[in-house]
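All remarks here apply to the structure that follows.
Values in this text are rule-based calculations from the coordinates and carry no lab data. Computed from a prediction, not measured in an experiment: that's the story for all the values here. Glycine also receives a Cβ, built like all others from the backbone with ideal geometry; neighbour counts cover every protein chain displayed.
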Amino acid sequence: MSVYSAEHHRKKEAITFHSNRLTSSLALIISGLVLASTGPAQPSGGREITSSQRKPSIPDDAPQFATGYETSECSASPANEISWMAFNNTSPLPDASPWAMSVYYENVGDTSDRYARVIDDPTTTEPNKVLHYWLKNATIDTGYQQHTKGRIQSGFPDELVDAVEVYATQRVFIPEDMGLLVEYPPDADPWWIGVIIETLWSGAAWQGHPNASRITLNIYPQGGQLHLELICRSSSDSRVFWDQFNPDYTLPLGEWLTIETGYKMGDATTGRMVVVITEESTGQRHVIFDVTNWTYDPIADDPDGTGPVPLTHWNPQKLYTSDNVVDFIRDSGGVLQVYFDDFAFSDHWPTDWPSQPKPTPPPKIERIRQRAD
């Protein structure tokens, strides 16, 4: 399942976002909170991505979508619905389009199991609202043995169009409860001992795309600490195109982090994925990942493939994991939860960001893990 549930329905509207460099634009086919109930999307037969529309330039520092999760910027559905809340676009651009980002749970549940809420920032006495994800019980069937999973994620209804380059920034606060995961017993059930906090999809397997793939940003415990992993893999089988695990950076807990994500569609020599974290307590900036490699399934470039596959769907705020993780943290006295604030994105990277390109180092994978995305 995905945020783009066929149970939801409203008339689609095409909205185009443009780059200040007059290159490929980023468009969204949107439907407010929900999308039309239609058949699988047909993959493009062409081998090149072209812009839907050309428009005048915009400033480098002006995001095409922004939200601070303030009360005036959002509207809620009943708490137990599959899709819960929409966040309106507060971009300062004069022609910013009024489409919304929504929060999705996958199944109809109960707020005693999970919820997403806009609340007062618990880390300050200053007036500020933040988005709070809280996951206490994993109630979604996985179809794998007797395991269940839990999901809270944001997304944009229907499909991104011409999204060949994206830059995003947001503030993230991970409470110390997450640190309980490092105590997970080594002899316990090893299935999916990690937490996914962002997913970028290139083609949707649930819509029948023949070369669908995804890139996920994951939190994993190792050596008594939490670390980050970035992995690109097929959505239809078990093929992993590349897997980067950073054992040198320990994920800080209990403080606000500014996380920047950069994506550029490309092959083994032109594709880019970058993750940069700035710790607000110290101002220290860390390039966690700077990967030059495939961002889509390489077989898409075969003569009978679809051609290059850009970013089509995106979950920029995500809390998705197994019953093993949710249950262990809960039974250890905590709750799996994350706070988000000040999310914005554009269809071009800032000038000179993040730094000079560097080649992808050999993967630092020290263990074999079972995962589900």
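Between Asp352 and Thr278, the FRET efficiency estimated from the beta carbon spacing at R0 = 22 angstrom works out to 0.85. With 0.36 nm allotted per residue and the present C-alpha distance subtracted, the Asp110-Val335 stretch has 79.4 nm of extension available. Just how far, in whole angstrom, is segment 172-194 from segment 113-129 if you go by their alpha carbon centroids? Centre-to-centre distance over Cα atoms comes out at 24 Å.
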